[in-house]
Amino acid sequence: GDSVTQTEGPVTVSESESLIINCTYSATSIAYPNLFWYVRYPGEGLQLLLKVITAGQKGSSRGFEATYNKETTSFHLQKASVQESDSAVYYCALGEMATGGNNKLTFGQGTVLSVIP
Amino acid sequence: EAAVTQSPRNKVAVTGGKVTLSCNQTNNHNNMYWYRQDTGHGLRLIHYSYGAGSTEKGDIPDGYKASRPSQENFSLILELATPSQTSVYFCASGELGPLYEQYFGPGTRLTVL
């Protein structure tokens with residue numbers, strides 16, 4: 001089946017330092033997977049951070065960016081300079097238009113990020 | 001702004017008891033989803049729905065039932081709760097299309113003793 005693996009957490013980074021959270025996927029049943037990063041801030045639900053639906057393209061939002069690499073089956077999340085407000089749980093996800101159109105998402109295990117001021 | 005709410009936010013139940021988790025969305029989305037999140041695992045899909053009156057099994061449906069009485073409401077029902085169902089449960093709504101996005105509620109923390 002399809003699967004997503006991301007950096008084991010927790011990850012602790014000092015404010016203004018750079019960040020990379022690795023994400024690799026296996027899409028055995030999907031010809032053209034869509035890739036997503038979701039973020040969950042304390043006390044809130046998951047919200048979409050960025051998405052890329054075409055291999056080779058880069059998505060960006062709030063200073064974060066991720067490039068869809070079909071050759072290495074990766075979608076790593078990067079930020080050049082993190083802020084304390086970026087402390088959250090980050091989820092990489094793989095999407096498909098499944099039979100019947102339920103838009104099924106397969107999530108990674110989540111990476112807890114703590115940014116130290 | 002998309003809005004998905006869940007109730008209760010926290011619940012303690014006893015083994016063998018019945019638990020109902022409720023979800024309401026004001027997005028007018030056709031699709032709704034129930035996931036659970038356990039430490040070390042990503043969100044796993046339990047049940048989903050295409051619209052009022054529809055419920056479909058997700059990847060881990062055993063021990064759970066779902067009900068979609070209206071476009072806005074989607075419930076997850078544990079008829080006989082077990083300690084293995086202790087988890088955080090997330091509801092989401094979404095639409096069809098290649099640029100689809102799922103909108104999530106804040107989660108319900110369920111503890112089964």
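Where in region A:4-43 does the amide nitrogen come within less than 20 Å of the point 7 Å from the Cα of A:Gln57, taken along Cα to Cβ? So the set is A:23-27, A:30-39. Applying both filters, DSSP loop and at most 13 other Cβ atoms within 10 Å, to the GluC sites (Glu not before Pro) of region A:36-117 gives A:Glu44, A:Glu71.
Result for chain B in a Gaussian network model with C-alpha springs under 10 Å: among B:Tyr50, B:Tyr35, B:Tyr100, the largest mean-square fluctuation is at B:Tyr100.
Given the protein assembly as shown, report the % of alpha carbon pairs whose separation exceeds 21 Å. When all Cα pairs of the protein assembly as shown are counted, 55 percent exceed 21 Å. A simple charge model with +1 on the Cβ of Lys and Arg, -1 on the Cβ of Asp and Glu and nothing else charged puts the dipole of the protein assembly as shown at about 460 debye relative to its Cα centre. Normalised by the number of residues in chain A, the mean separation of alpha-carbon contacts (under 8 Å, six or more apart) gives a relative contact order of 36 percent. Each Lys and Arg adds +1 at its Cβ and each Asp and Glu adds -1 at its Cβ; summed about the Cα centre, chain B shows a dipole of about 380 debye.
Of the listed pairs A:Lys51/A:Lys79; B:Lys18/B:Lys65; A:Lys51/A:Lys104; A:Lys104/B:Lys11, which have alpha-carbon separations greater than 19 Å here? From A:Lys51/A:Lys79; B:Lys18/B:Lys65; A:Lys51/A:Lys104; A:Lys104/B:Lys11, over 19 Å: A:Lys104/B:Lys11. Taking each pair of different alpha-carbon atoms in chain A once, compute 1/r for the pair, average those values, and report the inverse of that mean as the Kirkwood hydrodynamic radius in Å to one decimal. Taking the inverse mean of 1/r over all distinct Cα pairs, chain A comes out at 14.4 Å. Short-range pairs are left out: with C-alpha atoms under 8 Å and at least six residues apart, the relative contact order of chain B is 35 percent.
Quick check on region A:15-77: take the gyration tensor over C-alpha atoms, sort the square-rooted eigenvalues as a ≥ b ≥ c, and tell me if it's rounded (a/c under 1.5), prolate or oblate. Judged from the Cα gyration tensor, region A:15-77 comes out prolate (a/c at least 1.5, a/b above b/c). The aspartates and glutamates within cross-link reach of A:Lys58, meaning a Cα-to-Cα straight distance under 19 Å and a gap of 8 or more places when in the same chain, are A:Glu71, A:Glu96, B:Glu101.
Would you mind finding the longest exposed-site-free stretch of chain B, with exposed GluC sites (Glu not before Pro) meaning DSSP loop and at most 12 other Cβ atoms within 10 Å? Intermediate results must be reported in sequence, preceding the final value.
Details: sites that count: B:Glu1, B:Glu79.
For GluC sites (Glu not before Pro) (loop position, at most 12 other Cβ atoms within 10 Å), the longest site-free span of chain B is B:2-78.
A short reminder: the numbers here are calculations on the coordinates, not readings from a lab. What you see is a predicted model; the values in this text were computed from it and never measured. Virtual Cβ from ideal backbone geometry, glycine too; neighbours counted across all protein chains shown.
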